[in-house]
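Comments concern the structure below.
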Amino acid sequence: MNLLKNQIAYFTSGNKNNSPIIFIHGFPFDHEMWRHQVIYLQKKFFCVTYDIRGLGNSAPGDGQFTIDMFADDLEDLIDELDLVKPIICGLSMGGYIALRAVERFENKFSALILCDTKSAADNDEAKLKRAAGIKSINSDGAEKFVRDFVTGCFSPKTIKNKPEVFIEILNRSLTNNPTGLKGCLLAMAARTDTTSYLAKIKIPVLLICGEDDTLTPPDVMKSLGAQIPNSEFVLIPQAGHLTPVENPEKVNMALKKFLGRHIS
Ligand code: MLT
């Protein structure tokens, strides 16, 4: 594990001379959710994973986070590692960060991969759900909130057929600091809508969505893709919101095809 100046924990695998790819995990997870993709791609790519501020090994600080601050952290990481035109791959909250970063500094990236995410900001109902989550963490501690949230991310098929995958992710998520969890909830509730930038994206974009994703369902992601000129959509069977861990083989195949076509 390496630390940026601002206490962001990051991890690298592969040869620094290969094309770089940065993976950004979702909420309330950590860099380990990309383990299968890193193992699969590290021979051909320089793979970088990190823990978003406040989650995993990255310090929660005062818990006052914004998505823009997360995009700043990503830029710091690119600078620290001297990465030239990395591919950026984000899942859900990681996708919010990737989309905001592309809106702010698209010319720093060579391609964008969006997994189980959306460009729309929270509506009032979603904001109130975040508020209820913060209230529940304050009154009952983080365990119930994390358990319920993580359960809702998985396809019921995965929980039934691969319980060990669900349990590992749940147990890792339960180690998160409550201040970091609440900071991420506030950042997501306050995020801007990146939809108006979709039509302006010039780099190639891959969209990946689990067929049983109820948080960012396939229809939502298809319509996201329809607004991006150079994009393609892949539906992942046997997966909910956490495609890279629920069906790593199919996600890896989709990454291989897309990267083979667009990255030399
Ligand atoms: C995530 O997986 O990052 C979350 O589902 C994002 C969200 O709650 O909006």
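The residues of region 50-102 that are within 17 Å of I113 (Cα to Cα), within 14 Å of the ligand (Cβ to nearest atom) and of a type in the set (G, A, S), listed by number, are G90, S92, G94, G95, A98. Say whether the condition of being touching a helix residue (DSSP H, G or I) at 6+ places or on another chain (Cβ under 9 Å), among the small types (G, A, S) and within 19 Å of F109 (Cα to Cα) is met by at least one residue in region 209-220. Looking through region 209-220, none of the residues is touching a helix residue (DSSP H, G or I) at 6+ places or on another chain (Cβ under 9 Å), among the small types (G, A, S) and within 19 Å of F109 (Cα to Cα).
Each row is one residue, and each column tells you yes or no for (1) in a strand (DSSP E or B); (2) in contact (Cβ under 8 Å) with a residue 60 or more places away in the chain; (3) aliphatic (A, V, I, L, M).
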{"site": "D213", "(1), (2), (3)": "no, yes, no"}
{"site": "T216", "(1), (2), (3)": "no, yes, no"}
{"site": "M221", "(1), (2), (3)": "no, yes, yes"}
{"site": "G225", "(1), (2), (3)": "no, no, no"}
{"site": "P229", "(1), (2), (3)": "no, no, no"}
{"site": "Q238", "(1), (2), (3)": "no, yes, no"}
{"site": "P244", "(1), (2), (3)": "no, yes, no"}
{"site": "A254", "(1), (2), (3)": "no, no, yes"}
{"site": "K257", "(1), (2), (3)": "no, no, no"}
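For residues that are under 10 Å from I203 (Cα atoms) and either among the acidic types (D, E) or part of a loop (DSSP other than H, G, I, E, B) (or both), scanning just region 84-114, find the one that is least open to solvent (accessible area, probe 1.4 Å). Out of the qualifying residues, it is F109.
When region 30-77 is filtered for residues that are more than 17 Å from the chain's Cα centre (by Cα) and in a loop (DSSP other than H, G, I, E, B), the ones remaining, listed by number, are Q42, K43, K44, A59, P60, G61, D62, G63, Q64. Among residues that are in contact with a strand residue (DSSP E or B) (Cβ under 8 Å, 6 or more places away or on another chain) and open to solvent by less than 10 Å² (accessible area, probe 1.4 Å), L198 is not included. Screening region 1-26 for residues that are hydrophobic (A, V, I, L, M, F, W, C) and buried (at least 23 other Cβ atoms within 10 Å of the Cβ) and picking the one that is nearest to the ligand (Cβ to nearest atom) gives I24.
The values are calculated or read from the model by the stated rules, or taken from the named source; none is laboratory data. Predicted model only: the values in this text are computed from it and were never measured. Neighbour counts run over all protein chains shown; Cβ positions are idealised from the backbone, glycine included. Note: accessible area is taken over every heavy atom of the protein model, side chains too, but ligands, DNA and RNA are not part of it. Shrake-Rupley method; radii C 1.70, N 1.55, O 1.52, S 1.80 Å.
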